[in-house]
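**Student:** Can you read through this structure? Questions will come right after.
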Ligand SMILES: Nc1ncnc2c1ncn2[C@@H]1O[C@H](COP(=O)(O)OP(=O)(O)O)[C@@H](O)[C@H]1O
Ligand SMILES: [Mg+2]
């Protein structure tokens, strides 16, 4: 309000533009600071193993059913669609390879990332946001406990551990879904299909997917915790922070996926 | 022990504290009174550095706490306890885990030992048998008292109480007053208490300070405050609607 009143009318658009440009910059700065604090505190005592365990369960175990169902149907539809396409030029024998490569390199980690953004990311932002607006984070500080260490570190660690773990399941179940549709619905020969699956799949493909998953896990946890940690304005503010966390974490997954892929492709 | 000099603090373009000076001696019970929204909680949060001053200084034992690094700050905070206005209980933990939180984080006491101490502190605030209840299932007054038990759990030398008796029935309020008094007498705790409750203020205070318009406009013993010549202070103490205190939209 004050800034507006003191800015000459001519300069107001400039000020507005400045504000628009500043927002992503200050966000990026805030994320880097939170990452630095988190990394500095990862190995510092006291270790809150109970918190870590709770988050591992929250992110890993509780996301597993959704991840598995999504992966199974994605693998299945992938087989179906590539069969229809490839049949046009007589390459339907390659369906197994396409499913395996797509799942491990791309869809396994990305779908898992999106699911975890929606489930665990929202939960993290809402929980930390509530703790912020009800002064529980301030209370941690007065009890001489670093809130980043107590709250963010276990979520960050769980993210980078559980995302790749979930991705392994996602890869496996996606390939299985493709196998099931190809052999039972499309009439492919099971042995031939499996041979095709393993022929072109290398361990590097799986690793690349897992590297991405590690990055996604860290990014989702960091973004969601950041949004919750810095929320303000009561229950409505927590709601806004939660929405922002899910949107930003999902976008981070999709955008970083491109850059990680092009980089890992070298 | 606590010395506040020329403390100013604004949020946006709203000046909340506008040059607060206050000194609390070791072992003293200081009570701060003032209208809702006058900045009492903001003042209290500066003493434990949850907020940093825009101007002025907060000195504890002679040293400016804005210069403390993380280590020094944690040492300071271990010597202090704070009761939040809204209790600020951790809602992912049971009552005894809340009360024993600092003990579990900073000592090597066994969980059963921490639980025993937590039960003892809970009895001191008039609560027992609720160790395993979750904070969400407590009434407002009970939450407040659990928050109080948490603040005193590590037997700090200095305790900050933000409206300890608000929301309690008169008898429970007096139990809390007695507790605050006995902590001062037995453990010579230094305390700063914020309250609207003048009965409580007169009972527990060594000195009373009134915050008004972002400044401390009067400090004195309960006798001096009763006999004050300031129309603002006497209006507040007597709880009269008419007087010099302007009740604006922000006064709720
Ligand atoms: N973190 C904050 N951000 C913005 N405004 C705040 C913040 N904390 C307190 N305020 C404002 O400061 C004023 C004083 O608040 P407070 O100290 O809580 O009053 P009280 O004397 O009732 O405890 C209020 O108008 C409040 O809106
Ligand atoms: Mg207050």
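The values are calculated or read from the model by the stated rules, or taken from the named source; none is laboratory data. Predicted model only: the values in this text are computed from it and were never measured. Positions of Cβ are backbone-derived with ideal geometry, glycine not excepted, and every protein chain shown enters the neighbour counts.
**Student:** Can you report the number of residues in segment A:154-178 which are more than 14 Å from chain B (Cβ to nearest Cβ) and under 30 Å from residue B:75 (Cβ atoms)?
**Tutor:** So the answer is 2.
**Student:** Could we say that residue B:153 is within 14 Å of another protein chain (Cβ to nearest Cβ), out of contact with any strand residue (DSSP E or B) (no Cβ under 9 Å at 6 or more places or on another chain) and surrounded by 22 or more Cβ atoms within 10 Å (Cβ to Cβ) here?
**Tutor:** no
**Student:** Taking the residues in segment B:8-21 that are in contact (Cβ under 8 Å) with a residue 24 or more places away in the chain and within 16 Å of ligand 2 (Cβ to nearest atom) as candidates, determine which candidate is surrounded by the fewest Cβ atoms within 10 Å (Cβ to Cβ).
**Tutor:** Checking each candidate, the answer is B:16.
**Student:** Within segment B:46-58, does at least one residue satisfy the condition of being within 12 Å of chain A (Cβ to nearest Cβ) and modelled with pLDDT under 95?
**Tutor:** For segment B:46-58, residues within 12 Å of chain A (Cβ to nearest Cβ) and modelled with pLDDT under 95: absent.
**Student:** Sticking with this structure for a sec: Are any residues in segment A:214-252 assigned to a helix (DSSP H, G or I), farther than 21 Å from residue A:161 by Cβ, within 14 Å of chain B (Cβ to nearest Cβ) and away from ligand 2 (no atom under 16 Å from the Cβ), and if so, which ones?
**Tutor:** A:235, A:238 - these are the residues of segment A:214-252 that are assigned to a helix (DSSP H, G or I), farther than 21 Å from residue A:161 by Cβ, within 14 Å of chain B (Cβ to nearest Cβ) and away from ligand 2 (no atom under 16 Å from the Cβ).
**Student:** So for segment B:88-110 (the condition being in a loop (DSSP other than H, G, I, E, B), surrounded by fewer than 19 Cβ atoms within 10 Å (Cβ to Cβ) and within 16 Å of ligand 2 (Cβ to nearest atom)), does at least one residue qualify?
**Tutor:** No, every residue in segment B:88-110 fails to be in a loop (DSSP other than H, G, I, E, B), surrounded by fewer than 19 Cβ atoms within 10 Å (Cβ to Cβ) and within 16 Å of ligand 2 (Cβ to nearest atom).
**Student:** Now for a different question. Would it be correct to say that residue A:36 is closer than 20 Å to residue A:222 by Cα, surrounded by fewer than 12 Cβ atoms within 10 Å (Cβ to Cβ) and within 14 Å of chain B (Cβ to nearest Cβ)?
**Tutor:** For residue A:36, the condition - closer than 20 Å to residue A:222 by Cα, surrounded by fewer than 12 Cβ atoms within 10 Å (Cβ to Cβ) and within 14 Å of chain B (Cβ to nearest Cβ) - is met.
**Student:** When you scan segment B:55-87, how many residues do you find that are part of a helix (DSSP H, G or I) and touching a residue at least 24 places away in the same chain (Cβ under 8 Å)?
**Tutor:** 4
**Student:** Kindly establish whether residue B:178 is modelled with pLDDT of 95 or more, more than 14 Å from chain A (Cβ to nearest Cβ) and out of contact with any helix residue (DSSP H, G or I) (no Cβ under 7 Å at 6 or more places or on another chain).
**Tutor:** In short, no.
**Student:** Also, I was wondering about something else. List every residue pair whose Cβ atoms sit under 8 Å apart, with the two residues 6 or more apart in sequence or on different chains, where the first one lies in segment B:149-177 and is on the phi > 0 side of the Ramachandran plot and the second, anywhere, is more than 16 Å from ligand 2 (Cβ to nearest atom).
**Tutor:** B:155/B:187; B:167/B:141
**Student:** Examine segment B:62-77 for a residue that is at pLDDT 95 or above, within 16 Å of ligand 2 (Cβ to nearest atom) and on the phi < 0 side of the Ramachandran plot, and state whether such a residue exists.
**Tutor:** Taking every residue of segment B:62-77 in turn, none turns out to be at pLDDT 95 or above, within 16 Å of ligand 2 (Cβ to nearest atom) and on the phi < 0 side of the Ramachandran plot.
**Student:** Okay, moving on. Can you tell which of B:173, B:205, B:201 is under 13 Å from the mean Cα position of the chain (by Cα), away from ligand 2 (no atom under 16 Å from the Cβ) and either modelled with pLDDT under 90 or under 22 Å from residue B:144 (Cβ atoms) (or both)?
**Tutor:** Going through B:173, B:205, B:201 in turn, just one is under 13 Å from the mean Cα position of the chain (by Cα), away from ligand 2 (no atom under 16 Å from the Cβ) and either modelled with pLDDT under 90 or under 22 Å from residue B:144 (Cβ atoms) (or both): B:205.
**Student:** One residue is enough: does segment B:32-45 have a residue meeting the conditions farther than 12 Å from residue B:162 by Cα and under 12 Å from the mean Cα position of the chain (by Cα)?
**Tutor:** Within segment B:32-45 (the criterion being farther than 12 Å from residue B:162 by Cα and under 12 Å from the mean Cα position of the chain (by Cα)), the answer is no, since none of the residues qualifies.
**Student:** Just checking, does segment A:131-148 include any residue being in a helix (DSSP H, G or I), more than 14 Å from chain B (Cβ to nearest Cβ) and buried (at least 20 other Cβ atoms within 10 Å of the Cβ)?
**Tutor:** No: segment A:131-148 contains no residue that is in a helix (DSSP H, G or I), more than 14 Å from chain B (Cβ to nearest Cβ) and buried (at least 20 other Cβ atoms within 10 Å of the Cβ).
**Student:** Consider residue B:51 carefully, then state whether it is in contact with a strand residue (DSSP E or B) (Cβ under 7 Å, 6 or more places away or on another chain), within 13 Å of ligand 2 (Cβ to nearest atom) and not in a loop (DSSP other than H, G, I, E, B).
**Tutor:** no
**Student:** I'd like the full set of residues that are away from every other protein chain (no Cβ under 14 Å) and near ligand 1 (Cβ under 10 Å from one of its atoms), limited to segment B:1-32.
**Tutor:** Result: B:9, B:16, B:17, B:32.
**Student:** Something else now. Looking only at residues that are within 11 Å of chain A (Cβ to nearest Cβ) and touching a residue at least 12 places away in the same chain (Cβ under 8 Å) in segment B:100-119, which one is nearest to residue A:142 (Cα to Cα)?
**Tutor:** Applying the filter and picking the extreme gives B:102.
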